[in-house]
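Comments concern the structure below.
The values are calculated or read from the model by the stated rules, or taken from the named source; none is laboratory data. Small disclaimer: the values here were computed from a predicted structure and weren't measured. Neighbour counts run over all protein chains shown; Cβ positions are idealised from the backbone, glycine included.
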Amino acid sequence: MTLPAEAKSSALHLIESGVPVFIAKPAPEFPDGGHGGTGYLIPPGWQTTEPDPAVLDRYEPGDALCAVMGHTVDGLDVDTQKGGSLGSLQPPISYGRARTPSGGTHDLIAPLGARSRD
């Protein structure tokens with residue numbers, strides 16, 4: 001099975017815009033374990049991934065398709081299950097939003113020039 005058409009189109013758009021994309025495989029103890037308890041095995045060197053559409057050909061069902069932030073766009077992750085909220089902060093302009101299974105959001109925003117704390 002290949003990557004669903006809408007996901008492939010979105011990923012190709014990011015890659016063509018200079019955003020590196022990589023695949024993370026499910027951890028053996030999925031949905032727990034893996035990198036930081038995410039349930040996925042993040043590949044070594046993911047930070048130096050280059051934008052390459054061929055990575056999408058390696059997608060298998062169950063994989064996580066991940067984008068490296070700080071290249072063209074940054075990500076804003078609001079995890080409501082863990083108390084995440086923007087509160088009274090003025091949110092940045094979002095160029096794309098995905099809803100997470102836990103009820104949070106992932107937004108693509110202009111680069112902030114700041115490193116992630118995790």
(request) State which residue is surrounded by the fewest Cβ atoms within 10 Å (Cβ to Cβ) when the search covers only segment 40-75 and only residues that are of a type in the set (G, A, S) and in contact (Cβ under 8 Å) with a residue 24 or more places away in the chain. (result) G62
(request) Among what's in segment 97-110 and is touching a residue at least 24 places away in the same chain (Cβ under 8 Å) and within 16 Å of D74 (Cα to Cα), pick the residue that is surrounded by the fewest Cβ atoms within 10 Å (Cβ to Cβ). (result) A110
(message) Restricting to segment 13-34, name every residue that is within 15 Å of the chain's Cα centre (by Cα) and either at pLDDT 95 or above or surrounded by 15 or more Cβ atoms within 10 Å (Cβ to Cβ) (or both).
(response) L14, I15, V19, P20, V21, F22, I23, A24, K25, P26
